1. Go through the residues of region 167-182 one by one and say whether even a single one is over 18 Å from the mean Cα position of the chain (by Cα) and aliphatic (A, V, I, L, M).
2. How many residues does region 49-70 contain that are touching a strand residue (DSSP E or B) at 6+ places or on another chain (Cβ under 7 Å) and open to solvent by 50 Å² or more (accessible area, probe 1.4 Å)?
3. Checking PHE242 against (1) under 26 Å from LEU21 (Cβ atoms); (2) part of a loop (DSSP other than H, G, I, E, B); (3) in contact with a helix residue (DSSP H, G or I) (Cβ under 8 Å, 6 or more places away or on another chain): exactly one of these is not met. Which one?
4. Mind checking which residues of region 142-166 are more than 17 Å from the chain's Cα centre (by Cα), in a loop (DSSP other than H, G, I, E, B) and not polar (S, T, N, Q)?
5. Please give the strands (runs of 3 or more DSSP E) falling wholly within region 38-140 in which 3 or more residues are over 16 Å from TRP171 (Cβ atoms).
6. Pick out the one residue from SER187, SER192 that is within 19 Å of the chain's Cα centre (by Cα), among the hydroxyl-bearing types (Ser, Thr, Tyr) and not in a helix (DSSP H, G or I).
7. Name the residues in region 162-202 that are touching a residue at least 60 places away in the same chain (Cβ under 8 Å), in contact with an Asp or Glu (Cβ under 7 Å, 6 or more places away or on another chain) and of a type in the set (A, V, I, L, M, F, W, C), would you?
8. Quick one: which residue in LEU182, LEU211 is within 23 Å of LEU110 (Cα to Cα), buried (at least 19 other Cβ atoms within 10 Å of the Cβ) and among the aliphatic types (A, V, I, L, M)?
Amino acid sequence: MNVICLSQARKTSTRLPGKVLIPIYKNLTSLDLIYKRLQKSSMLDDFKFIVPSDQSSNALVKYLEESCYKYHRGSLNDLVSRHLSALDEYEDCVIVRVTSDCPLVDPKLLDLAVKTYFEGSYEYVSTYTPANLSKFCNGSDIEVFSKSTLIKVSNFFDSPKDREHVTFPLWDGRLSGIKRLLLAPASGENYSDVRITLDYQEDLEVLKILLETAKDIHAPLPSFVEIYRNQGLSRLNSQYSFDQGWIQ
């Protein structure tokens, strides 16, 4: 079965407007970093950015086209629909969901999540959801599930919150009968004190420091965790909660 990575992106973030187009390191944006890092994955058959079809995303689409990145345009607020419409060519497939505010997502961790999904016959594998139980850092978010499973979500859940956040019913227990797994670091460590997502200006500063220190856009997740802790970067962005954008 084909494994397709979909990375949702928009330009109208309220907390850090235009965040996915802001240069982070050597003029590379979050979009560039995600794309380049995930090219190292051995499990992906395809990768697409999925963006809104409204005019607010025209500048984003121009950037994607100039960068020769594959993309699909779909619903602005119904992200379930946007994901599904990006996969019209597949009767079924495995979806790897990575949001565009996770520029340091680790391809080795992604490969592990996909392999675990297949080997354990799971229907949902995640590194970060539910976030209050995760031992990974905010910003290392990876979710793996099938198109057919997402169709179930689409058929049974129609609240605006569920349509926007896509996978809530898969990890909060409301879609019953799902065999799910929350991955933990193989080392046994707990990375939950580390925040490497891109949601606020302080997060942007953290990401810049991490990459300027690592000097390698392909550095593995444990290296960024070590830099974050050694430089005490929690002083910059630890005040923000993982569910900041979920509360409605």
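The values are calculated or read from the model by the stated rules, or taken from the named source; none is laboratory data. Owing to the predicted nature of the structure, the values given are computational and were not obtained by experimental measurement. In this analysis, Cβ positions are derived from the backbone assuming ideal geometry, glycine residues included, and neighbour counts consider all displayed protein chains. For the accessible areas, the whole protein counts, side chains as well, though only heavy atoms, and no ligand, DNA or RNA atoms are used. Shrake-Rupley method; radii C 1.70, N 1.55, O 1.52, S 1.80 Å.
1. Scanning region 167-182, I find at least one residue that is over 18 Å from the mean Cα position of the chain (by Cα) and aliphatic (A, V, I, L, M), so the answer is yes.
2. Residues flagged as touching a strand residue (DSSP E or B) at 6+ places or on another chain (Cβ under 7 Å) and open to solvent by 50 Å² or more (accessible area, probe 1.4 Å) within region 49-70 amount to 2.
3. Against the list (1) under 26 Å from LEU21 (Cβ atoms); (2) part of a loop (DSSP other than H, G, I, E, B); (3) in contact with a helix residue (DSSP H, G or I) (Cβ under 8 Å, 6 or more places away or on another chain), PHE242 comes up short only on (3).
4. PHE157, ASP158
5. In region 38-140, the matching strands (runs of 3 or more DSSP E) lie at 46-52, 71-74.
6. After applying the criteria, what remains is SER192.
7. Of everything in region 162-202, just one residue is touching a residue at least 60 places away in the same chain (Cβ under 8 Å), in contact with an Asp or Glu (Cβ under 7 Å, 6 or more places away or on another chain) and of a type in the set (A, V, I, L, M, F, W, C), namely LEU198.
8. Just one listed residue meets the conditions, LEU211.
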